[in-house]
Amino acid sequence: MGALTGYELLRELARRKWPAPLLLAVSAHRAPQEMPTAAGPPAPRGSCSTTYDASTTAARPSCSTTRSGAIWCCGRSADLRLHDTYRSSAEPPGQPPLATPFVVLTGEDDPTVSDRTYAGWAALTHAVSARRVYPGGHFYLREQRDRLLTELGRDLENAMRGELR
């Protein structure tokens, strides 16, 4: 969800002609123009949220029995509804690519992203884009945290110098 939020923020900054960030890093998410054009079926009434199985990334219903858990679940459910109803602003006629460099981070065994994912993100900027592939699936960053932070820090330093590779 953060990838789409970051992308839309960049679009809005460009629309307002405000300074853009030095770098957009997106992780384990398809490009905006790859998002489904039709919303899926609504969640059953009374189900508060959806959780994801870390090993398969399969969605499954979840409910909470505590008041604080129910509040968290309902907020999460609202986030997922926003994500599931997202419609891309990536392709309106005459909208130029962004000027911010992109880094696309993925797990090599993540079934939700592909070479097409990287190409989709790369098409949205006329700046440099880079792809970083890590061992693991959709939740690769749990095991690859230190490596990811080191490489992302290097990417940011390079972007500050205008030398992202």
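Being part of a helix (DSSP H, G or I), more than 14 Å from the chain's Cα centre (by Cα) and under 21 Å from Ala14 (Cα atoms) narrows it down to one of Leu156, Leu152, Leu164, Leu148, so name that one. Among Leu156, Leu152, Leu164, Leu148, only Leu156 is part of a helix (DSSP H, G or I), more than 14 Å from the chain's Cα centre (by Cα) and under 21 Å from Ala14 (Cα atoms). Residue pairs whose Cβ atoms lie under 9 Å apart, sitting 6 or more positions apart in sequence or on different chains, and linking a residue in segment 137-149 that is among the hydroxyl-bearing types (Ser, Thr, Tyr) to a partner that is surrounded by fewer than 16 Cβ atoms within 10 Å (Cβ to Cβ), are Tyr140/Glu108; Tyr140/Asp109; Tyr140/Val133. Of the residues making up segment 90-100, not a single one is assigned by TED's automatic domain parsing to the domain that holds Leu23, at pLDDT 90 or above, within 15 Å of the chain's Cα centre (by Cα) and surrounded by 12 or more Cβ atoms within 10 Å (Cβ to Cβ). Considering only residues in segment 1-30 that are closer than 15 Å to Tyr118 by Cα and part of a loop (DSSP other than H, G, I, E, B), the one that is modelled with the lowest pLDDT turns out to be Arg30.
Filtered by the rule that a residue be touching an Asp or Glu at 6+ places or on another chain (Cβ under 9 Å) and of a type in the set (Val, Ile, Thr), segment 111-125 gives a lone residue, Thr117. Do we have any residue at all in segment 116-125 that's in the same structural domain as Leu23 (by TED's automatic domain parsing), assigned to a strand (DSSP E or B) and not charged (D, E, K, R)? So far as segment 116-125 goes, yes, one or more of its residues are in the same structural domain as Leu23 (by TED's automatic domain parsing), assigned to a strand (DSSP E or B) and not charged (D, E, K, R).
The values are calculated or read from the model by the stated rules, or taken from the named source; none is laboratory data. The model shown is predicted, which means the values in this text are computed figures rather than measured ones. All Cβ positions, glycine included, derive from the backbone under ideal geometry; neighbour counts span all protein chains shown.
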